[in-house]
Number of protein chains: 2
Amino acid sequence: MGLGLEVKAMEEVTLYGLIGQMMALPGRRAELIAILAEGTTEMPGCLSYVIAEDREDEDALWITEIWDSEEHHAASLQLPAVQDAIARGRPLMAGFGQRFETTPVAGVSFD
Amino acid sequence: MGLGLEVKAMEEVTLYGLIGQMMALPGRRAELIAILAEGTTEMPGCLSYVIAEDREDEDALWITEIWDSEEHHAASLQLPAVQDAIARGRPLMAGFGQRFETTPVAGVSFD
């Protein structure tokens with residue numbers, strides 16, 4: 001199922017979504033983003049994983065995720081590439097901000 | 001450019017992202033989501049528009065958006081279908097929650 005998450009297709013699948021804010025150490029956001037981007041390209045069950053800079057706080061970033069199941073998300077945290085990214089990224093992190101768990105139910109992406 | 005927002009492709013384009021929370025009147029979230037989903041399928045410049053239920057607050061929903069420009073986002077608010085959705089949705093809304101403006105810079109979607 002592509003990210004074209006048509007409402008119909010979604011009714012049979014309970015997707016899992018995450019909206020999370022992360023704080024980088026001052027001046028280290030770009031490095032942290034690059035590390036996160038590298039480690040998160042091959043994650044089974046991940047329909048979307050987007051990393052974005054917060055426009056108001058220059059040290060904050062947002063990760064918005066869509067998974068085909070909560071289980072696949074949990075399993076991703078054990079993937080070697082993700083573990084490696086977490087290990088390399090942690091020294092650049094100041095902490096975590098807000099975190100919201102969601103169920104994506106409608107929407108589209110435009111290819 | 002598909003939503004496969006490879007880091008390289010992003011370096012030439014400054015994308016515009018929005019993460020916004022909306023509150024429905026008690027028991028009216030599903031109706032509000034359906035209205036929003038209907039009115040937001042044909043929006044020039046919109047790379048992703050996902051509506052999700054908040055897993056903790058049964059009246060709250062989240063909209064995460066990615067646009068190829070801030071201007072395209074602003075223009076979308078004048079589209080007849082969007083104006084219609086806002087007009088039909090407003091009576092079902094209790095208000096707006098948190099809102100974050102971002103610049104998506106990395107990430108992928110898996111087709």
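The values are calculated or read from the model by the stated rules, or taken from the named source; none is laboratory data. This structure is a prediction, so every number in the text was calculated from the model and none was measured. All Cβ positions, glycine included, derive from the backbone under ideal geometry; neighbour counts span all protein chains shown. Protein only, heavy atoms only, side chains kept; ligands, DNA and RNA dropped before computing areas. Shrake-Rupley method; radii C 1.70, N 1.55, O 1.52, S 1.80 Å.
Output the residues belonging to the range A:82-111 that are more than 30 Å from residue B:59 (Cβ to Cβ) and within 14 Å of chain B (Cβ to nearest Cβ).
A:82, A:85, A:89, A:111
Working only within the range A:75-99, note down all residues that are open to solvent by less than 30 Å² (accessible area, probe 1.4 Å) and either in contact with a Cys (Cβ under 9 Å, 6 or more places away or on another chain) or of a type in the set (A, V, I, L, M, F, W, C) (or both).
A:76, A:82, A:85, A:92
Taking the range B:16-43 on its own, how many of its residues are surrounded by fewer than 22 Cβ atoms within 10 Å (Cβ to Cβ) and part of a helix (DSSP H, G or I)?
Total meeting the criteria: 7.
Rundown of residues vs (1) closer than 20 Å to residue A:99 by Cα; (2) out of contact with any strand residue (DSSP E or B) (no Cβ under 6 Å at 6 or more places or on another chain); (3) among the small types (Gly, Ala, Ser), yes/no style:
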residue: B:44; (1), (2), (3): no, yes, no
residue: B:52; (1), (2), (3): yes, no, yes
residue: B:78; (1), (2), (3): no, yes, no
residue: B:87; (1), (2), (3): no, yes, yes
residue: B:92; (1), (2), (3): no, no, no
residue: B:97; (1), (2), (3): yes, no, yes
residue: B:103; (1), (2), (3): yes, no, no
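Across the range B:54-70, which residue is nearest to the chain's Cα centre (by Cα) among those that are within 20 Å of residue A:50 (Cβ to Cβ) and open to solvent by 60 Å² or more (accessible area, probe 1.4 Å)? Give the derivation first.
Initially, the range B:54-70 is screened for residues within 20 Å of residue A:50 (Cβ to Cβ), giving B:54-55, B:61-70.
Filter once more, keeping what is open to solvent by 60 Å² or more (accessible area, probe 1.4 Å): B:55, B:70.
On the way: B:55: 18, B:70: 13 Å.
Result: B:70.
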